[in-house]
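The values are calculated or read from the model by the stated rules, or taken from the named source; none is laboratory data. Nothing here was measured: the structure is a model prediction, and the numbers come from that model. In this analysis, Cβ positions are derived from the backbone assuming ideal geometry, glycine residues included, and neighbour counts consider all displayed protein chains.
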Amino acid sequence: MVVTSGSLPPVAGRYEVGVGNSVESISTSITADWSWYNKLLGIVSWNFKNNSVFQETAVLYRSGYYFGNAYFPIYLQNGVSTWATQLVPLMNKGLERNTMPLGIVDFGMGQRIIAFLFTMDPGQSWSVLEGGFTAKSPPSNGVLFGVTLEKAGSFCIGYDPNQVTDYDKQTSSILKGYAPNPSYTRTVEVAITSFAQFVQLFSGDKIDDTPCSGEKETVIQSSENVAPGDLEEIIANVVRRIRSF
């Protein structure tokens with residue numbers, strides 16, 4: 001299942017570190033690179049590995065924005081992704097079928113976005129496909145940023161309708177985002193390292209900690225990704241903080 005999002009134009013003036021196929025890693029032991037899966041069709045393979053003895057979670061920044069922040073309403077509505085309700089190591093269903101959950105990324109000062117969360121067991125290797133690139137416009141400036149669990153809870157999450165219309169224009173499709181918009185949803189919120197720059201593609205996206213007006217909680221999650229994991233994540237975060245002193 002190819003996640004299509006790379007066709008968005010790069011955002012100018014943003015964080016630029018990664019060179020070529022390499023991905024810089026900041027505040028995480030997870031490393032990654034990308035390779036062409038089908039250059040003619042513009043599909044790349046993102047290849048991750050957790051080099052730590054702890055479970056870790058990261059988000060991927062490339063081509064000027066965070067992977068998953070573009071078109072998440074369509075991913076959720078059409079079965080490409082689900083909301084993460086805990087930090088669980090990614091299941092390996094095979095390169096063509098792998099996908100990852102979405103969650104809230106907190107940059108502080110009230111700045112939050114939705115993005116894909118890559119949670120991996122110690123020593124785990126894992127890959128996923130992404131489309132929308134070209135030979136002249138491949139992934140650029142890739143950076144992995146480590147994140148830590150803040151909380152799991154319910155949030156009122158709304159999306160900018162331009163996300164859907166923009167996707168349909170680029171892909172010549174008539175797909176829809178999830179409804180209702182906004183929806184009161186249970187998911188996780190993670191804190192990102194202070195080295196990461198806040199980038200939000202669609203200004204109409206909104207995340208609130210209070211219930212949506214007149215809405216009941218909606219949980220969109222695949223049962224295949226439910227497994228213990230949050231306790232190990234919290235312990236690992238505590239150990240890393242102790243070692244940093």
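Descriptive notes on the structure:
- Search result, residues across the range 92-124 that are in contact (Cβ under 8 Å) with a residue 12 or more places away in the chain and at positive phi: Gly108, Gly123
- In the range 163-180, the residues that are in contact (Cβ under 8 Å) with a residue 60 or more places away in the chain form Cβ pairs under 6 Å with partners that are in a helix (DSSP H, G or I) and among the β-branched types (Val, Ile, Thr), at six or more places apart or across chains, as follows: Tyr167/Ile74; Leu175/Ile74; Gly177/Ile74; Gly177/Val164.
- Condition broken by Lys169, with the remaining ones in (1) modelled with pLDDT under 95; (2) surrounded by 14 or more Cβ atoms within 10 Å (Cβ to Cβ) satisfied: (2)
- Scanning the range 199-210 for residues that are in contact with a strand residue (DSSP E or B) (Cβ under 8 Å, 6 or more places away or on another chain), exposed (fewer than 14 other Cβ atoms within 10 Å of the Cβ) and over 15 Å from Gly103 (Cα atoms) yields Gly204, Thr210.
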